[in-house]
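The values are calculated or read from the model by the stated rules, or taken from the named source; none is laboratory data. Treat the numbers as computed from the prediction; the structure is a model and nothing was measured. Cβ placement follows ideal geometry from the backbone for every residue including glycine, while neighbour counts extend to all protein chains displayed.
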Amino acid sequence: MSPRRKPDTTPDAPLVWERPEPPVRPSPGPLSREAIIGAAIALADREGLGAVSFRKVGAALDAGPMRLYGYVSTKEELLELMVDAVYGEMPLSEVKGEWRQALRALAHGMRRMSMKHPWFPELLGSRPHIGPNALAHLEATLAAFSETLGFENIDDVMLAVTTVKAYVMGAIQSEVTELRIERETGMDKERWQSANGAYILRMIATGRYPTLGKVVEKATHPSPDVRFDMGLDYVLDGIAARHLR
């Protein structure tokens with residue numbers, strides 16, 4: 001077996017975004033970064049992020065894993081390319097208007113992509129993504145603050161954006177986890193509540209959990225869409241209250 005090629009980590013080594021692809025070879029089958037990324041995303045959509053490997057992606061493209069290293073040097077590069085491709089699926093034209101509209105569009109775009117690609121939230125909490133699509137979304141989001149009084153300090157702008165992203169990542173991670181549990185166990189949230197409802201009622205009847213009792217008796221439990229929007233409004237209202245006095 002050929003040894004895995006080590007990536008060039010010298011300071012002047014070009015990143016994957018600037019590194020040219022090798023010349024196209026017609027045999028045994030043409031490859032490209034775009035094809036590799038597409039196959040990796042399809043694999044992750046079907047089987048989860050843990051299933052993504054050079055061997056499996058290569059098999060999906062009828063190519064040996066060593067051929068892939070000519071286009072992508074490491075799995076970390078492949079994951080970054082996948083993230084940037086998903087950013088490219090979010091219409092940049094939606095992230096426009098004043099800051100609140102832009103942040104709302106970004107939040108809903110990230111949530112929509114997370115429902116389509118359940119592995120996407122797993123990669124959002126790492127270091128900043130610097131692919132061209134991710135940078136374009138960040139630029140559009142930051143630019144929405146450029147004419148807003150109260151946000152003259154760029155640090156305030158960055159904190160507002162990262163705060164909204166933190167809320168979005170937490171909210172969508174919860175939703176994606178619920179969907180994954182449903183797929184793995186065959187038990188949706190309603191069935192889980194039904195199976196555990198009698199126990200919860202017995203615990204409330206002890207009198208030790210009066211506030212929880214109010215939740216069970218009086219909470220309206222809105223849909224995920226409504227909860228997401230309400231939580232986002234809490235965050236945006238808080239940002240506005242701090243900076244737009």
request  = Taking only region 201-226 into account, find how many residues are loosely packed, with under 10 Cβ neighbours inside 10 Å, more than 35 Å from the chain's Cα centre (by Cα) and not in a helix (DSSP H, G or I).
outcome  = 3
note = Within region 98-128, residues without any contact (Cβ under 8 Å) to a residue 24 or more places away in the chain and either outside any helix (DSSP H, G or I) or over 23 Å from residue 230 (Cα atoms) (or both) come out as 126, 127, 128
query = Could you say whether any residue in region 98-107 is on the phi < 0 side of the Ramachandran plot and surrounded by fewer than 16 Cβ atoms within 10 Å (Cβ to Cβ)?
reply = yes
ask   = Would a scan of region 167-190 turn up a residue that is more than 27 Å from residue 107 (Cβ to Cβ), over 20 Å from the mean Cα position of the chain (by Cα) and not in a helix (DSSP H, G or I)?
value = yes
query = Which residues, counting only those in region 70-84, are surrounded by fewer than 19 Cβ atoms within 10 Å (Cβ to Cβ) and either of a type in the set (Phe, Trp, Tyr) or touching a helix residue (DSSP H, G or I) at 6+ places or on another chain (Cβ under 8 Å) (or both)?
reply = 75
task = Would you be able to say whether some residue in region 142-164 is within 30 Å of residue 47 (Cβ to Cβ) and surrounded by fewer than 17 Cβ atoms within 10 Å (Cβ to Cβ)?
result = no
ask   = Checking residue 188 against (1) exposed (fewer than 12 other Cβ atoms within 10 Å of the Cβ); (2) more than 30 Å from residue 137 (Cβ to Cβ); (3) of a type in the set (D, E, K, R), which single condition isn't satisfied?
value = (1)
ask   = Are any residues in region 16-51 at pLDDT below 95 and β-branched (Val, Ile, Thr), and if so, which ones?
value = 16, 24
ask   = Can we say residue 148 is assigned to a helix (DSSP H, G or I) and either under 29 Å from the mean Cα position of the chain (by Cα) or in the same structural domain as residue 105 (by TED's automatic domain parsing) (or both)?
value = no
task = Exactly one condition in (1) touching a Ser or Thr at 6+ places or on another chain (Cβ under 7 Å); (2) surrounded by 18 or more Cβ atoms within 10 Å (Cβ to Cβ); (3) outside the structural domain of residue 236 (by TED's automatic domain parsing); (4) not polar (S, T, N, Q) is not met by residue 66; state its number.
result = (2)
